[in-house]
Protein chains: 4
Amino acid sequence: MAGNSFGKLFTLTGFGESHGEAVGGVIDGCPAGLLLDVQAIQAELNRRRPGQSKIATPRNEADKVEILSGVFEGVTTGMPIAFVVRNENQKSKDYSNIKSTYRPSHADYTWSTKYGIRDYRGGGRSSAREHIARVVGGAVAKQILATYGISITAYTTQIGSVVWNDNGLVPLFEKIEQSIVRCPDSEKSDEMVAIIEQVRGECDSVGGVVKCVVQGVPVGLGEPVFDRCQALLAHAMLSINAAKGFEYGMGFGAAAMRGSEHNDAFVVKDGIVGTETNRSGGIQGGVTNGEDIYFRVAFKPVATIAREQKSVDSDGNAILFTAHGRHDPCVVPRAVPVVEAMTAMVLVDLLLQTKANKL
Amino acid sequence: MAGNSFGKLFTLTGFGESHGEAVGGVIDGCPAGLLLDVQAIQAELNRRRPGQSKIATPRNEADKVEILSGVFEGVTTGMPIAFVVRNENQKSKDYSNIKSTYRPSHADYTWSTKYGIRDYRGGGRSSAREHIARVVGGAVAKQILATYGISITAYTTQIGSVVWNDNGLVPLFEKIEQSIVRCPDSEKSDEMVAIIEQVRGECDSVGGVVKCVVQGVPVGLGEPVFDRCQALLAHAMLSINAAKGFEYGMGFGAAAMRGSEHNDAFVVKDGIVGTETNRSGGIQGGVTNGEDIYFRVAFKPVATIAREQKSVDSDGNAILFTAHGRHDPCVVPRAVPVVEAMTAMVLVDLLLQTKANKL
Amino acid sequence: MAGNSFGKLFTLTGFGESHGEAVGGVIDGCPAGLLLDVQAIQAELNRRRPGQSKIATPRNEADKVEILSGVFEGVTTGMPIAFVVRNENQKSKDYSNIKSTYRPSHADYTWSTKYGIRDYRGGGRSSAREHIARVVGGAVAKQILATYGISITAYTTQIGSVVWNDNGLVPLFEKIEQSIVRCPDSEKSDEMVAIIEQVRGECDSVGGVVKCVVQGVPVGLGEPVFDRCQALLAHAMLSINAAKGFEYGMGFGAAAMRGSEHNDAFVVKDGIVGTETNRSGGIQGGVTNGEDIYFRVAFKPVATIAREQKSVDSDGNAILFTAHGRHDPCVVPRAVPVVEAMTAMVLVDLLLQTKANKL
Amino acid sequence: MAGNSFGKLFTLTGFGESHGEAVGGVIDGCPAGLLLDVQAIQAELNRRRPGQSKIATPRNEADKVEILSGVFEGVTTGMPIAFVVRNENQKSKDYSNIKSTYRPSHADYTWSTKYGIRDYRGGGRSSAREHIARVVGGAVAKQILATYGISITAYTTQIGSVVWNDNGLVPLFEKIEQSIVRCPDSEKSDEMVAIIEQVRGECDSVGGVVKCVVQGVPVGLGEPVFDRCQALLAHAMLSINAAKGFEYGMGFGAAAMRGSEHNDAFVVKDGIVGTETNRSGGIQGGVTNGEDIYFRVAFKPVATIAREQKSVDSDGNAILFTAHGRHDPCVVPRAVPVVEAMTAMVLVDLLLQTKANKL
């Protein structure tokens, strides 16, 4: 498989460019018999779509999903589920100013060199607009997980220098969604919004961190030794545009710890083996232990800023480049549903693999 | 493929348990015509093997590799390269004290539950001894990379609270190997050794961080959108025992940065497009840009400590468990060659994929 | 990957049901830089579409392909090429008579039992209408092969008891297409048409054989030991609806031969090693030898016949079933472009793999 | 994955050359908890090994299998099962006469050209000796299938011009094994032996056909649309050395049939849906229907004959080549266990996939 498919048994194959006809994908391996809630899929897309709030890019597209196959009388048939989201804005823009420019810290130079051709319209497929396919794939995966009582909650814990500490408590979905930055703490949320507005005012952008927690996880997900649960999650997260780091459990903090501080004692809770603490992040030996999985993903500041920057054009001439138009000064809030979606696909894939490897 | 294979075109399939007959693997997809340096493979294994220094586990095995196939008259034939390393100590030990104990923060509980059976001898395949196969696979991969002028250098930058800053300079291999903790700064190295000896004295263990730099990287490695170079590296690193986090370029630090601080300006260097700074970590849009790749991997403290800990046995009874025998109080120094090996396999795989996708 | 993807490096993922919204697919791994001839793709679809001639099913759909991604300014970008063909007739029919009937020798019973749900509209995805995706994938693959001078020619050599012997000469495309059964010999073609009309008159159907020849093949395609060229071709051919057998070179006839009769002597032709005869069918040791590849595919008679047949309904009651409507009494002529398409995808995949496995 | 792995969830990765150190493989994805009968594995190897009878090659090797991993206290652990069979004869021979000769209808020319290097010792990995790994993989798979009541029986139905018709009755294993050509009919067996002795006397070789029947198959195995059961079987069979054709059910005979003759009426047998006849070969719509699977595989005559043949050497000079030593004049009897082994691996893989794709 080339690089546009993700997953072994529950596989998403994505397609589409930012300003082409459509973006979409094909989900193969979705078990038959799932009563598919298409509105729930659309709701996830709405969480990701541009133009949701005053801090997001004003590109306002409905991002309406159309399901083309794999569902009959509302129920999945076991056949591939294909879907498309038409691009509405694709012909409206003039790209002549970036056509031959390698925008700093964008994919323009690397993709042009790799493929020998460049779809310069809005970054082509290197645009985060391809995340739409992931969100749809993840929305289907979430519906499967729900039948197992597994739920995924992601939220913003850092924007720039503003950090929120969740104290190990999983916030309510409603609280998260009330915040336009998806930080459930209203005070910190306000600070984060302020920072985003400030950097926008300064024609700049800012990074952040998303935390994700999975609850209701059964024991046994993960396929050692290479497809450990955390390895697949890391793969999934680092495949998201602008992601720069992944850590689970104590993460980088574990480096400074002693074993006696880090180990999770086993105890029996309600007749079931569990751990007293959960520094392991719900995964031991690459396999889930029944405790919550939790991890953090770092995102860099958006590369597109409305400031003059040094660059080079495709003929190798030094140039000065200033981005036009208005862009998201911070991708983090809209990355939250993408983190959830990728997590959901990893877990469904592992669930299906776990079923397979039984006598 | 089940979980014991890694890579699409250059594929390592590993096998073996800590105290079974042997550990080993099969490399499929190694191009024909490589004059294979078996001594160089053995040298990499020697870097990983136990009993190298006063701070490592005294399990002293030669870890001698035997190549079974795929090489004729010293040259690779394009056929699978199988290799085995016999376990010498496999019958020497009494495991009755851990047979029915779920050791805290080990794989005992999760694997037992997942597979319904447990090879309790030294952790079975959950032991880091399976890394031997990775090191051999990586050693072959490094020889391929060398023909392209690509080299990989990993080293320890943190043990417990002792942190060394490389100031962005890649240390010499000799400097790294002179240090028994693989930190090229002799002063910091001494501090790290002191910490390890201290925690051992306290029947405890300690974590750390490995940094890895790849030099001589061509433009174009990485397969968007899911198999971005960093996504495969993250997958590879988080598949290593005890790894808890991965970050590349500015990593988690990028979250607090502004776009104007983080972006790398394009410049022309010696007639070739490059970047003035390298905060991107050598990868843009998921594809290498010709600058050095660099990333960091966090490792937790070793779970095995010679202290009494609360746990549960396989019948669900609360017990107190104290590990016997002597173990590495810190895996980080021996993880360095494993990080390099996994990196090498990722890059060879991407190199081969890059060749494939041409008209 | 689940079962709706084909190929390792040049991968087609198909989707869609006979009477759903659309059928289509995503091609991932198509190299960048191919000037894509969309009319040529449409022309291939036209060869497969229903209602082409008096002997084919009168379902008359335009089967117009729409490309959604992966092509910019007419050239492939290296990104996934998604395409859809809308179903026009999907709401026009009444399926109440087959809804709960297991039609003999159809997929109704096996798919219902496997998936627990049945899209009974025209057989759902078990319909040969999914071949549309294969034809598009193959049409793109053919354009890649053309740049290497590789061409594929398939034709009908048997319908029922009428057998045509090509005497080892590859017929001209025009000759093949002049025949509505795709047999280039006009006399035999007439006989084949007569048989088809006869069986239709008798409310019956008939099988046949397609032969395929590949010319201009380079030495070296095939990935031993499991992905031998002939193994991938066999996989591809037996994945086509109604295919019952595959043989290459002397095929089943080789069973009765002596080695001295079957072996192909090596000779030097125009300074290049070749074989004096080509009983091997262009493949030796699983790898192409530069001679023409040729093979034959057997197709069973269409299962849908307008005669009363014994069957069982989904409640397990014995019933009598008579198919309504008019159907192709013979799939063979329309299978010809599908055989070519699958062949093209196998060869492109092997071509790309061959490029990859070089130092 | 490169070409030396077979299967998605139950994966065999084979390695080894005819005259290298060893042949062997790694089975990944074998479910945990199987009480592995190693003697049964050895018994299958004994069926394939050379020197079994007066008609087989006198190369007499014990072909003793050693299991290196994945089994603990006699039970599979879910971890990869690695195994090796040491080559005993590997240093005993002089290959100077074939070193630079392209033997007619062997892999010498194609592999040399593809890989740029040739392990000329007994054909290297192109030798049928690699089938050892398949037989071991298949022997493990058979033990899994046995727990489901699925059994596989293959036998010889043709050697040269001698054809045996089984009249649709599955012969007893004992009857098959009593025949040194593995044809259960003693009269036809004698005729087949006579033909083999005759061609050997004439320094020639002869081809044949193996039929395989699978009994006790559940409904539901096969992954449409590309991984239909018959497509995977065809792939498996055509990956065997010397195989030239595959057909299932009525096979090529179906081409001449009418639908009314070919269709299998559904009936209820003992409360279960079945078919009155089984012309479909146990597979409909690519998925097993609970009836016996049956198929036939054609094998060409062995290429190695002790006669002078025209050929070319690696410098492109026309030469005359005569094979020395003694070789099997017919591979068919020893191919029987290989056909069974490949069938077993396909079915286990599909069984595991069937488990996976459930909610």
Restricting to the range D:114-159, give me the number of residues that are within 11 Å of chain B (Cβ to nearest Cβ) and either β-branched (Val, Ile, Thr) or not in a loop (DSSP other than H, G, I, E, B) (or both). 9
Condition first: buried (at least 22 other Cβ atoms within 10 Å of the Cβ), out of contact with any strand residue (DSSP E or B) (no Cβ under 8 Å at 6 or more places or on another chain) and of a type in the set (Lys, Arg). Can you find one or more residues in the range B:39-47 that meet it? no
List, please: which pairs have Cβ atoms under 6 Å, are six or more places apart or on different chains, and start with a residue in the range A:225-249 that is without any contact (Cβ under 8 Å) to a residue 60 or more places away in the chain and end with one that is of a type in the set (S, T, N, Q) and part of a helix (DSSP H, G or I)? A:Leu238/B:Gln230; A:Tyr248/A:Gln230
Pairs, first touching a residue at least 12 places away in the same chain (Cβ under 8 Å) in the range C:160-182, second polar (S, T, N, Q) and surrounded by 15 or more Cβ atoms within 10 Å (Cβ to Cβ), C-beta under 6 Å, six or more apart: C:Trp164/C:Thr157; C:Val170/C:Thr153; C:Ser179/C:Ser189; C:Val181/C:Thr156; C:Val181/C:Ser189; C:Arg182/C:Thr156
Just need a number here: residues in the range A:100-113 that are out of contact with any helix residue (DSSP H, G or I) (no Cβ under 8 Å at 6 or more places or on another chain) and assigned to a helix (DSSP H, G or I). 4
Residues located in the range D:204-225, provided they are more than 20 Å from C:Gly251 (Cα to Cα) and facing chain C (nearest Cβ under 8 Å): D:Val219, D:Gly220, D:Gly222, D:Glu223, D:Pro224, D:Val225
Among the residues of the range D:142-158, is any out of contact with any Phe, Trp or Tyr (no Cβ under 6 Å at 6 or more places or on another chain), buried (at least 23 other Cβ atoms within 10 Å of the Cβ) and within 25 Å of D:Arg307 (Cβ to Cβ)? yes
Residues of the range D:258-272 being of a type in the set (Gly, Ala, Ser) and either buried (at least 19 other Cβ atoms within 10 Å of the Cβ) or under 19 Å from C:Ile195 (Cα atoms) (or both), in sequence order, are D:Gly259, D:Ser260
Going through the range B:243-257 one residue at a time, which ones are surrounded by 22 or more Cβ atoms within 10 Å (Cβ to Cβ) and within 11 Å of A:Ile159 (Cα to Cα)? B:Ala254, B:Ala255
In this structure, is C:Ala82 facing chain A (nearest Cβ under 8 Å) and outside any loop (DSSP other than H, G, I, E, B)? yes
Kindly indicate whether any position in the range C:284-291 is small (Gly, Ala, Ser) and surrounded by fewer than 24 Cβ atoms within 10 Å (Cβ to Cβ). yes
Would you check if D:Leu45 is at the interface with another protein chain (Cβ under 8 Å from one of its Cβ atoms) and either over 15 Å from D:Val140 (Cβ atoms) or in contact with an Asp or Glu (Cβ under 8 Å, 6 or more places away or on another chain) (or both)? no
Evaluation of D:Gln39 against (1) part of a helix (DSSP H, G or I); (2) without any contact (Cβ under 8 Å) to a residue 12 or more places away in the chain; (3) under 17 Å from D:His131 (Cβ atoms) (one fails), failing number: (3)
Please indicate, with yes or no, whether at least one residue in the range B:313-328 is surrounded by 24 or more Cβ atoms within 10 Å (Cβ to Cβ) and facing chain A (nearest Cβ under 7 Å). no
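Looking at the structure I just gave you, is A:Asp264 at the interface with chain B (Cβ under 7 Å from one of its Cβ atoms), free of Cβ contacts under 8 Å to residues at least 40 places away in the same chain and either in a loop (DSSP other than H, G, I, E, B) or not small (Gly, Ala, Ser) (or both)?
yes
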Residues satisfying the stated conditions in the range A:283-300, i.e. in contact with a Pro (Cβ under 8 Å, 6 or more places away or on another chain) and in a loop (DSSP other than H, G, I, E, B): A:Gly285, A:Gly286, A:Gly290
Matching residues, the range B:166-217, being of a type in the set (S, T, N, Q) and within 21 Å of the chain's Cα centre (by Cα): B:Gln178, B:Ser179, B:Ser189, B:Ser205, B:Gln215
Hey, can you tell me all the residues within the range A:138-153 that are in contact with a strand residue (DSSP E or B) (Cβ under 8 Å, 6 or more places away or on another chain) and within 21 Å of A:Asn289 (Cβ to Cβ)? A:Leu145, A:Ile150, A:Ser151, A:Ile152, A:Thr153
In the list C:Asp63, C:Asp28, which residue meets the criterion of being away from chain D (no Cβ under 14 Å), under 24 Å from C:Leu351 (Cβ atoms), among the charged types (D, E, K, R) and crowded, with 20+ Cβ neighbours inside 10 Å? C:Asp28
Restricting attention to the range C:283-307, and to residues there that are at pLDDT below 95 and farther than 22 Å from C:Ile240 by Cβ, which single residue is farthest from the other protein chains (Cβ to nearest Cβ)? C:Ala306
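Looking only at residues in the range B:119-134 that are of a type in the set (D, E, K, R) and buried (at least 24 other Cβ atoms within 10 Å of the Cβ), which one is farthest from B:Ala303 (Cα to Cα)? Don't jump to the end; show me each part of the working.
Initially, the range B:119-134 is screened for residues of a type in the set (D, E, K, R), giving B:119, B:121, B:125, B:129-130, B:134.
Subset that is buried (at least 24 other Cβ atoms within 10 Å of the Cβ): B:119, B:125, B:129-130, B:134.
Working: B:Asp119: 18, B:Arg125: 16, B:Arg129: 15, B:Glu130: 17, B:Arg134: 22 Å.
Across the range B:119-134, the extreme among qualifying residues is B:Arg134.
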Could you run through the range A:308-343 and say how many residues are under 23 Å from B:Phe252 (Cα atoms) and of a type in the set (A, V, I, L, M, F, W, C)? 9
Show the residue pairs meeting these rules: Cβ distance below 7 Å; 6+ apart or different chains; first residue within the range B:130-149 and of a type in the set (D, E, K, R); second residue assigned to a helix (DSSP H, G or I). B:Arg134/B:Val338; B:Arg134/B:Ala341; B:Arg134/B:Met342; B:Lys142/B:Ala344
Per the filter on the range D:292-304, residues farther than 30 Å from D:Ser105 by Cα and either crowded, with 24+ Cβ neighbours inside 10 Å or of a type in the set (Gly, Ala, Ser) (or both) are D:Ile293
B:Val181 versus (1) within 14 Å of another protein chain (Cβ to nearest Cβ); (2) surrounded by fewer than 22 Cβ atoms within 10 Å (Cβ to Cβ); (3) of a type outside the set (Gly, Ala, Ser): which is the lone unmet condition? (2)
Among the residues of the range D:95-112, is there at least one that is within 9 Å of another protein chain (Cβ to nearest Cβ) and within 19 Å of the chain's Cα centre (by Cα)? yes
Here are some conditions: (1) of a type in the set (Ser, Thr, Tyr); (2) in a strand (DSSP E or B); (3) at the interface with another protein chain (Cβ under 7 Å from one of its Cβ atoms). D:Ser280 meets all but one. Which one does it not meet? (2)
Give the range A:308-356 a look and list any residue that's over 24 Å from A:Thr110 (Cβ atoms) and without any contact (Cβ under 8 Å) to a residue 40 or more places away in the chain, or say none. A:Lys355
Residues in the range C:226-254 that are more than 7 Å from every other protein chain (Cβ to nearest Cβ) and over 27 Å from D:Ser127 (Cα atoms) total 4
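The values are calculated or read from the model by the stated rules, or taken from the named source; none is laboratory data. Fair warning: this is a prediction, and the values are worked out from it, not measured in the lab. Heads up, the Cβs are rebuilt from the backbone with ideal geometry, glycines too, and the neighbour counts pull from every protein chain shown.
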